[in-house]
Amino acid sequence: MLSLNVEKRDLKVRAHKVREGGKIPAIFYGPKEVSTAVTVSMKDFKDVLEKAGESSVIILKEGKNEHEALIHEVDVHPVSGELRHADFYVTEKGKKVKVHVPLVFSGVAPAVKDKGGILIKVMREIEVEAAPRDLPRELLVDISKLVELNDTIHAKDIRVPAGVDLKVNADEVVASVSEAKEEVVEAPAAIDL
């Protein structure tokens with residue numbers, strides 16, 4: 001399991017000064033955890049975020065204390081793309097959590113390749129519930145099942161690992177193939193003066 005070292009943050013030190021020191025300001029909190037302002041190494045956090053995403057449990061090491069947490073929210077500068085702040089949600093032992101997991105579409109849809117259909121990805125992520133350690137980083141959607149025009153893949157068609165429950169309607173459409181239609185351009189109407 002991935003881990004991050006965190007240090008308590010002196011709130012008198014401005015956030016931009018923390019970032020200049022190669023760290024980012026962060027906070028961790030949870031149902032039975034007091035909100036605690038911390039700092040974490042920018043480089044280490046980027047590595048963990050890339051490997052764990054926002055739906056995998058990581059260990060926050062604060063001295064001798066360890067907390068199992070999810071990366072709950074990441075604030076990124078809108079222009080530079082630089083990380084500015086992170087929120088960690090400390091999970092409660094023995095309790096399930098609900099998170100949105102990204103969907104990864106794999107395979108080739110015969111209805112698109114052979115019949116000229118258009119693939120429509122209705123969902124990009126899906127809500128699941130599981131024990132924190134059972135949370136998948138992503139879920140695969142096999143689009144090779146889309147053979148005919150107007151075929152659809154529903155939430156119930158997604159394979160989920162043991163211990164993971166989908167928290168959406170089973171008949172919710174995840175992806176579909178529609179027929180490409182020629183756009184009819186109407187001539188502009190004459191203007192009465």
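The values are calculated or read from the model by the stated rules, or taken from the named source; none is laboratory data. Only a predicted model underlies this, so the values are computations on that prediction, with no experimental measurement involved. When we count neighbours, we look across all protein chains shown, and the Cβ atoms used for this are built from the backbone with ideal geometry, even at glycine. Just so you know, the surface numbers come from the protein's heavy atoms only, side chains and all, with ligands and any DNA or RNA stripped out. Shrake-Rupley method; radii C 1.70, N 1.55, O 1.52, S 1.80 Å.
Pull out all pairs, ordered by first then second residue, where Cβ-Cβ is under 7 Å, the residues are six or more apart or on different chains, the first lies in the range 67-82 and is closer than 13 Å to Ser55 by Cβ, and the second is open to solvent by 80 Å² or more (accessible area, probe 1.4 Å).
So the pair list comes out as Leu70/Glu54; Ile71/Glu54.
Kindly provide the set of residues from the range 66-84 that are of a type in the set (D, E, K, R), modelled with pLDDT under 90 and surrounded by 15 or more Cβ atoms within 10 Å (Cβ to Cβ), ordered by number.
Residue satisfying the conditions is Glu68 alone.
Restricting attention to the range 27-65, and to residues there that are crowded, with 18+ Cβ neighbours inside 10 Å and in contact with a helix residue (DSSP H, G or I) (Cβ under 8 Å, 6 or more places away or on another chain), which single residue is nearest to Arg133 (Cα to Cα)?
This residue is Val57.
Considering only residues that are buried (at least 17 other Cβ atoms within 10 Å of the Cβ) and of a type in the set (Val, Ile, Thr), look in the range 4-26 and name the one that is farthest from Val164 (Cα to Cα).
Only one residue fits best here, namely Val18.
Tell me yes or no: at least one residue of the range 166-185 is at pLDDT 85 or above, touching a strand residue (DSSP E or B) at 6+ places or on another chain (Cβ under 7 Å), open to solvent by less than 90 Å² (accessible area, probe 1.4 Å) and among the hydroxyl-bearing types (Ser, Thr, Tyr).
yes
Return yes or no: is Glu54 out of contact with any Phe, Trp or Tyr (no Cβ under 9 Å at 6 or more places or on another chain) and not in a loop (DSSP other than H, G, I, E, B)?
Values: out of contact with any Phe, Trp or Tyr (no Cβ under 9 Å at 6 or more places or on another chain): yes; not in a loop (DSSP other than H, G, I, E, B): no.
Judged against the criteria, Glu54 is not a match.
When Arg159 is evaluated against the numbered criteria (1) at pLDDT 90 or above; (2) exposed (fewer than 15 other Cβ atoms within 10 Å of the Cβ); (3) out of contact with any Leu (no Cβ under 8 Å at 6 or more places or on another chain); (4) not β-branched (Val, Ile, Thr), which criterion, by number, is the only one it fails?
(3)
Free of Cβ contacts under 8 Å to residues at least 40 places away in the same chain and of a type in the set (A, V, I, L, M): is that true of Val147 in this structure?
Yes.
Answer with yes or no whether Lys113 is at pLDDT 85 or above, open to solvent by 50 Å² or more (accessible area, probe 1.4 Å), closer than 30 Å to Val147 by Cα and out of contact with any Asp or Glu (no Cβ under 8 Å at 6 or more places or on another chain).
In short, yes.
Scan the range 89-109 and give yes if some residue there is acidic (Asp, Glu), touching a His at 6+ places or on another chain (Cβ under 8 Å) and open to solvent by 40 Å² or more (accessible area, probe 1.4 Å), otherwise no.
Checking the range 89-109: not a single residue is acidic (Asp, Glu), touching a His at 6+ places or on another chain (Cβ under 8 Å) and open to solvent by 40 Å² or more (accessible area, probe 1.4 Å).
Consider the range 67-116. How many of its residues are of a type in the set (Asp, Glu) and within 20 Å of Thr152 (Cβ to Cβ)?
Matching residues across the range 67-116 total 1.
Could you list, in sequence order, the residues of the range 122-154 that are hydrophobic (A, V, I, L, M, F, W, C) and either modelled with pLDDT of 95 or more or open to solvent by 90 Å² or more (accessible area, probe 1.4 Å) (or both)? Don't jump to the end; show me each part of the working.
Residues of the range 122-154 hydrophobic (A, V, I, L, M, F, W, C): 122-123, 126, 128, 130-131, 135, 139-141, 143, 146-147, 149, 153.
Once the filter is applied, which keeps residues that are hydrophobic (A, V, I, L, M, F, W, C) and either modelled with pLDDT of 95 or more or open to solvent by 90 Å² or more (accessible area, probe 1.4 Å) (or both), the range 122-154 yields only Leu140.
Looking at His72, His77, can you tell me which residue is under 15 Å from the mean Cα position of the chain (by Cα) and under 30 Å from Arg9 (Cβ atoms)? Quick ask: steps written out before the conclusion?
On the way: His77 fails: under 15 Å from the mean Cα position of the chain (by Cα).
So the residue among His72, His77 that is under 15 Å from the mean Cα position of the chain (by Cα) and under 30 Å from Arg9 (Cβ atoms) is His72.
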